[in-house]
Structures are given as structure tokens and as C-alpha cells.
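The values are calculated or read from the model by the stated rules, or taken from the named source; none is laboratory data. Nothing here was measured: the structure is a model prediction, and the numbers come from that model. Note: ideal-geometry Cβ built from the backbone for every residue, glycine included; neighbour counts use all protein chains shown.
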Amino acid sequence: MGTCGTDTSSFLGKFPFFQFPRIPGHELGVEVVAVADDVVGVQVGDRCSIEPYLHNPTSKPSLDGRTNCCPDLEVIGEPLKLDIVLADSTPDTSF
């Protein structure tokens, strides 16, 4: 498992808004272990990368294709609220 520059810099104390305890990591690759019946194009065993940005698909920026400008934007593993990537287990993030 590798880490990105943001995670490394945060660990080294270069981001004042990053507070410990924190589980870093927001860029990751995964192997699909289960797929719901209504999901197409993905099957168990597929290897995928994860889009770390969670946005409100009904916000004006998101509807305009500018999801990075969404006022409700959250980032998995960033110094916000979501400790996921390097955790021992992950919470249910169903929306």
C-alpha cells in the first residue's frame, strides 16, 4: 500500500488542520468482494480504484459537472470526518 503526498505531509505535521488521532489514506485500490443484484459492469474479483470525493449530486456545481466545487464535498481519509482507507475495517458509507 502506498500513500500520497497529502498523507505523508499530514503525518509530518505540514498541515495544521490535520489532527491526530487520524487514520490517513484517500487514494486506494480495492478488490470487489460482493456486488448487489442490480449492479452492472462490476463483478466479484474486479480490481478498481476509488473516487475519494463524496459530493451532493443535486448541488448546482455537481449538476454542472464541477463536483470538486460542491459545497457539501467531503473527502475519504482527508482531515475531515472519514477515517476509512487505512483502517482495520470500514464503516457503512451507504447513502
(request) State all residues of segment 11-28 that are under 16 Å from the mean Cα position of the chain (by Cα) and either of a type in the set (D, E, K, R) or modelled with pLDDT of 75 or more (or both); if no residue qualifies, say none. (result) R22, E27
(message) Please determine whether any residue of segment 45-57 is at pLDDT below 90, on the phi > 0 side of the Ramachandran plot and either of a type outside the set (S, T, Y) or part of a helix (DSSP H, G or I) (or both).
(response) no
(message) Restricting to segment 37-53, give me the number of residues that are under 26 Å from C70 (Cβ atoms) and acidic (D, E).
(response) 2
